[in-house]
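Everything below concerns the one structure shown next.
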Amino acid sequence: MACIFPLAAGGESLVLGLLIFIVAGIAMSLGALLIGKLTRTSLPHPEKAMPYECGEPAIGSSWVQFDLRFYVVALVFIIFDIEIALFYPWAVVFKQGGKAALFDMLFFFGVIVVGYLYLWRFGYLDWVRSTANTSKPATPAKPSALSKAARQWA
């Protein structure tokens with residue numbers, strides 16, 4: 001029976017080595033969990049089942065309105081932090097004479113700058129957004145039926 005993906009000479013030993021490596025990794029992970037399960041003591045207590053948040057007791061419900069500015073700032077930090085972290089390997093390659101890497105990094109840096117300018121333009125970098133340009137001129141409101149009824153009883 002012919003193999004769909006024929007291996008090069010010595011390929012069987014590579015596949016066997018990878019298979020042994022994967023099985024050994026899974027066995028060590030499951031073994032550590034099993035040994036821990038069998039050896040640790042179990043002392044259940046209601047206080048252990050409570051949610052833990054920085055050592056402070058929980059106050060109120062966990063279903064609260066979350067300000068999305070925290071989320072946006074966290075995402076922006078992660079994106080730019082990871083991209084800036086990629087400058088170090090590039091600098092090592094560039095120092096060793098990889099002049100072609102200059103154009104790659106200029107393109108990469110251009111993407112970072114475009115992203116930064118987009119965030120700056122639309123106010124995502126401002127902690128408190130200004131609503132001065134988006135407000136509509138005040139128009140006098142028509143009295144509603146409820147306000148008329150409230151005036152009659154006043």
Check your understanding: Is it the case that R40 is among the basic types (K, R), on the phi < 0 side of the Ramachandran plot and in contact (Cβ under 8 Å) with a residue 12 or more places away in the chain?
Key -> no
Practice item. Residues that are touching a Ser or Thr at 6+ places or on another chain (Cβ under 6 Å) and not hydroxyl-bearing (S, T, Y): find the helices (runs of 4 or more DSSP H) completely inside region 10-110 holding 1 or more of those. Key: none
Exercise for review: Kindly indicate the residue of region 54-83 that is surrounded by fewer than 10 Cβ atoms within 10 Å (Cβ to Cβ) and of a type in the set (S, T, Y) and also farthest from F122 (Cα to Cα) among those meeting that condition.
Suggested key: S61
**Study point:** In region 84-99, the residues that are of a type in the set (A, V, I, L, M) and surrounded by 10 or more Cβ atoms within 10 Å (Cβ to Cβ)
**Key:** I84, L86, A91, V92, V93
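Bear in mind these aren't lab numbers, they're just calculated from the coordinates by the rules spelled out. For clarity, every value in this text was computed on a predicted model and none was experimentally measured. Glycine gets a Cβ as well: all are built from the backbone with ideal geometry, and neighbour counts include every protein chain shown.
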